[in-house]
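Below is one structure, written out as structure tokens; comments come after it.
The values are calculated or read from the model by the stated rules, or taken from the named source; none is laboratory data. Everything numeric here is computed off the predicted structure, so don't read it as measured data. A quick note on method: Cβ atoms are made from the backbone with ideal geometry, for glycine too, and the neighbour counts reach across all protein chains shown.
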Amino acid sequence: MTKLYITRHGQTEWNLEGRIQGQKDSKLTTLGEKQAEWLGERLKNVEIDVIISSSSGRAIRTAEIIRGKRNIEIVPNDNLREIHFGQWEGQLHAEIKKYWPDEYRNFWNFPHLYKPVGGETFLQVLDRVSNEVEKIISKYEGKNILIVTHAVVLKALIAYFENKDLMDFWSGAFMYPTCLNIVEIKEDSRKIVLQGDISHYQANEKVYND
């Protein structure tokens, strides 16, 4: 059996500021580093064979903290980077909601109608990450794989494994920083056995922004 342990990066400075990150980047906060440490402690007895991380700095740093002192290779992967938000990247949610109200509403409520302002559609992200995860599953068959990525990519992977309609993209668990998702791969079956779990949190801290 191949087992995927999939998580999101820890809280970042732009999360706190309410800025869209996408394929731009900001550093983990002190809490974000703690969130990664908590997940690392939770997974310390799991024999992880390889860590595949989005090549964005916030994801790589999260992967490094989760790995700790273990001798596990971290493989950066451009195709696991967050959705490209185009002109929205680096801007405050409040600004985006003011200047692109229809697009912002569709992004969160009607993903099948969302048209990006110079970035990616949800379908493009789904295509990108589903193709990549199938390559990963094929290459590391029978292994335990930790994937460190981003909120929209995580939801895209869940949507892919559950074969959701695009309009249901946001349904299911919210993807908090360093939440844990586990997918078991057996031959042609893919079963999500854990989704959006934050039971490793040692404080009641939650982040709702990108």
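Results, tabulated for the structure shown:
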| item | result |
| --- | --- |
| Residue match in the range 63-72 (condition: on the phi > 0 side of the Ramachandran plot, modelled with pLDDT of 95 or more and surrounded by fewer than 15 Cβ atoms within 10 Å (Cβ to Cβ)) | yes |
| Test result for Glu132, over 16 Å from Gly22 (Cα atoms), touching a helix residue (DSSP H, G or I) at 6+ places or on another chain (Cβ under 7 Å) and charged (D, E, K, R) | yes |
| The range 23-47, residues that are aliphatic (A, V, I, L, M) and either surrounded by 18 or more Cβ atoms within 10 Å (Cβ to Cβ) or out of contact with any strand residue (DSSP E or B) (no Cβ under 8 Å at 6 or more places or on another chain) (or both) | Leu28, Leu31, Ala36, Leu39, Leu43 |
| Lys44 being within 17 Å of the chain's Cα centre (by Cα) and part of a loop (DSSP other than H, G, I, E, B) | no |
